[in-house]
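What follows is a single structure, written as structure tokens, with notes after it.
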Amino acid sequence: MGGVTRFSANLGFLWTELTLPDAIRAAAKAGFEAVECHWPYDTDPALVKAALDETGLPMLALNTVRGDGNGLSALAGRETEARAAIDQAVDYAVAIGAHNIHVMAGFASGEAAHRAFLSSLDYALARVAGNGITLLIEPLNRFDAPGYFLQTADQAAEIIAQINDPNLKLMFDCYHLQIMQGDLSRLLQSMLPIIGHIQIAAVPSRAEPDEGELDYRHILKHIQDIGYKGFIGAEYHPRGSTEAGLGWRRGLGG
């Protein structure tokens, strides 16, 4: 492999038995070079920032809240809640120095949902302007998240083209997009100009990325070969303890 792949630990799934600050410390001890999370809002941001400063790890991303589903930003008629969720995410991201915010769309479909999502993203882009924060949108597969508004990379690319703002990017989760579209090598190459972050997990188990139908030795080499320079997010459900499953990194260039 032409270089060392830099892995980020997704603390929404890894070290979940620990507090978020202690999970950050555990990730650093285990050799990860970055962290990301899902919903950190129950933790004092000052404690998270202190753990990040102590370890030197960047916090790559956090999510807007789920609401009563999988996000609020594409739900027509709930724009006030969606904007409050965006405000909450931006304030927290600024407080801890997070690089990206994943704006969760929610369970919705149709033209009204599309318009609501565009409106939410416009609002979020105005909120992050000047803060050095990029927004991410992520397609989720229809089996794990049936009815989720955003399901394919092509749909995300259309939205990104419509918005036409360099601070809006695609979260390319190999697990979800293998299930929904497959042909990941070509899909990664075609989407590269709009990819803001890449995540991995085994398919179909969503366990450590050393089993199943995807050969991540090939995928990660391809990601390097096409010129992606960012981190690779380890967003998987460990088969046992987090520590017991970390051997996958040795075979994948980490």
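Each reported figure results from applying straightforward, stated rules to the coordinates on display, with no laboratory input. Quick caveat: nothing in here was measured; it's all calculated off a predicted structure. All Cβ positions, glycine included, derive from the backbone under ideal geometry; neighbour counts span all protein chains shown.
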Does region 10-51 hold any residues that are assigned to a helix (DSSP H, G or I), of a type in the set (Gly, Ala, Ser) and exposed (fewer than 15 other Cβ atoms within 10 Å of the Cβ), and which are they?
-> 46, 50
Among the residues of region 51-75, count how many are among the hydrophobic types (A, V, I, L, M, F, W, C) and within 17 Å of the chain's Cα centre (by Cα).
-> 7
Residue in region 180-194 that is more than 30 Å from residue 17 (Cβ to Cβ), free of Cβ contacts under 8 Å to residues at least 24 places away in the same chain and not in a helix (DSSP H, G or I) present = yes
Residue 165 is checked against (1) touching a helix residue (DSSP H, G or I) at 6+ places or on another chain (Cβ under 9 Å); (2) farther than 25 Å from residue 12 by Cα; (3) part of a helix (DSSP H, G or I) and fails just one. What number does that condition carry?
-> (3)
Return yes when residue 87 is assigned to a helix (DSSP H, G or I), within 13 Å of residue 127 (Cβ to Cβ) and either among the hydrophobic types (A, V, I, L, M, F, W, C) or in contact (Cβ under 8 Å) with a residue 12 or more places away in the chain (or both) and no when it is not.
-> yes
Is it the case that some residue within region 220-233 is farther than 19 Å from residue 5 by Cβ and surrounded by fewer than 18 Cβ atoms within 10 Å (Cβ to Cβ)?
-> no
Kindly establish whether residue 150 is more than 15 Å from residue 71 (Cβ to Cβ) and under 18 Å from the mean Cα position of the chain (by Cα).
-> no
Within region 22-33, can one find any residue that is touching a Gly at 6+ places or on another chain (Cβ under 8 Å) and on the phi < 0 side of the Ramachandran plot?
-> yes
